[in-house]
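Read the structure below first, then the notes.
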Amino acid sequence: MADSLDGTVALVTGASSGIGHATARSLAARGAAVALVARRTDRLEELAAAITADGGRALTVTADVSDAEQAVAAVVQTVETLGRLDTVVNNAGVMLLGPVVDAPVEEWDRMVDLNVKGLLYVAHAALPHLLEAAQDGPRQVADLVNVSSVAGRVARNGSGVYNATKHAVGAFSESLRQEVTRRHVRVSLVEPGAVATELVSHNRDEVQETINQRFSDMERLESEDIAEAVEFIVTRPRRVAVNELLVRPTEQEG
């Protein structure tokens, strides 16, 4: 069946919380063996136990994908342990907002390193395996899903560098899509609006206050809403490629 992921292997970065956590559970429920990649081993082990208890199969891979060697090693460990790689969800990211004037530039480094370079490292390491899966795999198609943001479409005062990283993800995804789509590797871009996750908590106190005020009268998305979007993308028939999917809360205007 097109909507089954039985016999396939998925790798999800940023799997220890939020969208990555929900997506890993969703793909496992569809039948994929899932490699859970993040830095927090304890959380990965809890998630793996939950997936196993539900009858699924999970591998924990402790890695910081902003480090090229660790990103490559995560992909290698996945393939060596689980036997193949059919789906990659590049979800790991950080959102550090605030004015450009007098900004702590180490925050910019963190965002560029993880949101852009980490995504590139994982994609580059995974692509040979995805191309092989598309040719010889049970579904004859493979998926690379890059999680961006509405910030990859709309620039805002106070989020300039975050905007820059997410615009980069969109440009890379579209170029790569054109390169490999004829070989049945589907490259998809998911752009969530405001989601109730840990992202906001990574900001300085004054920035957190500004963000929370902006969304105080809005019902934000849940991580499961984006997981369902990813699940929809990767379970389409081979002939269907969902190139880009923007998902906002109903009450979010911009």
Legend entry - Hits in segment 111-144 (condition: charged (D, E, K, R) and touching a Ser or Thr at 6+ places or on another chain (Cβ under 8 Å)): D113, K117, R139, D143
Inset, instruction - Inspect all residues belonging to segment 194-216 and state whether any of them is under 20 Å from S4 (Cα atoms) and hydrophobic (A, V, I, L, M, F, W, C). - result: no
Inset, instruction - For A58, state whether it is without any contact (Cβ under 8 Å) to a residue 60 or more places away in the chain and touching a Ser or Thr at 6+ places or on another chain (Cβ under 7 Å). - result: yes
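Of all residues in segment 51-94, count the ones that are of a type in the set (A, V, I, L, M), exposed (fewer than 15 other Cβ atoms within 10 Å of the Cβ) and either over 17 Å from L127 (Cβ atoms) or modelled with pLDDT under 95 (or both). Don't jump to the end; show me each part of the working.
Of the residues in segment 51-94, the ones of a type in the set (A, V, I, L, M) are 51, 53, 58-59, 61, 63, 65, 68, 71-76, 79, 82, 85, 88-89, 92, 94.
Retained after the next criterion (residues that are exposed (fewer than 15 other Cβ atoms within 10 Å of the Cβ)): 53, 76.
Filter once more, so that each one left must be either over 17 Å from L127 (Cβ atoms) or modelled with pLDDT under 95 (or both): 53.
Summing the residues that are of a type in the set (A, V, I, L, M), exposed (fewer than 15 other Cβ atoms within 10 Å of the Cβ) and either over 17 Å from L127 (Cβ atoms) or modelled with pLDDT under 95 (or both) in segment 51-94 gives 1.
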Legend entry - Among (1) modelled with pLDDT of 95 or more; (2) more than 13 Å from the chain's Cα centre (by Cα), the one test that P138 misses: (1)
Legend entry - Wholly enclosed helices (runs of 4 or more DSSP H) of segment 1-87 bearing at least 3 residues touching a helix residue (DSSP H, G or I) at 6+ places or on another chain (Cβ under 9 Å) and within 25 Å of P128 (Cα to Cα): 18-29, 68-82
Inset, instruction - Name, by its number, the condition in (1) in a helix (DSSP H, G or I); (2) over 19 Å from the mean Cα position of the chain (by Cα) that does not hold for N157. - result: (1)
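Quick test for you: out of S175, S216, S201, S223, pick the one residue that is hydroxyl-bearing (S, T, Y) and buried (at least 18 other Cβ atoms within 10 Å of the Cβ).
Numbers: S175 fails: buried (at least 18 other Cβ atoms within 10 Å of the Cβ); S216 fails: buried (at least 18 other Cβ atoms within 10 Å of the Cβ); S201 fails: buried (at least 18 other Cβ atoms within 10 Å of the Cβ).
The unique qualifying residue is S223.
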Inset, instruction - Mind listing just one residue for me: the one in segment 204-219 that is modelled with pLDDT of 70 or more, of a type outside the set (S, T, N, Q) and assigned to a loop (DSSP other than H, G, I, E, B) and, of those, farthest from A194 (Cα to Cα)? - result: D217
Legend entry - Pairs with Cβ under 6 Å, 6+ apart, first in segment 160-171 and among the basic types (K, R), second crowded, with 23+ Cβ neighbours inside 10 Å and not in a helix (DSSP H, G or I): K166/S148; K166/S149
Inset, instruction - For residues that are under 16 Å from the mean Cα position of the chain (by Cα) and in a strand (DSSP E or B), scanning just segment 170-187, find the one that is nearest to N91 (Cα to Cα). - result: V187
Legend entry - Any chance L144 is surrounded by fewer than 18 Cβ atoms within 10 Å (Cβ to Cβ) and in contact with a strand residue (DSSP E or B) (Cβ under 7 Å, 6 or more places away or on another chain): no
Legend entry - Residue in segment 184-198 that is surrounded by 19 or more Cβ atoms within 10 Å (Cβ to Cβ) and touching a Phe, Trp or Tyr at 6+ places or on another chain (Cβ under 7 Å) present: yes
Inset, instruction - Restrict the check to segment 161-169 and report whether at least one residue is surrounded by fewer than 17 Cβ atoms within 10 Å (Cβ to Cβ), among the β-branched types (V, I, T) and out of contact with any strand residue (DSSP E or B) (no Cβ under 6 Å at 6 or more places or on another chain). - result: no
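The values are calculated or read from the model by the stated rules, or taken from the named source; none is laboratory data. Everything numeric in this text was worked out from a predicted model, so none of it was measured. Reconstructed Cβ throughout: ideal geometry from the backbone, glycine too, with neighbour counts over all protein chains shown.
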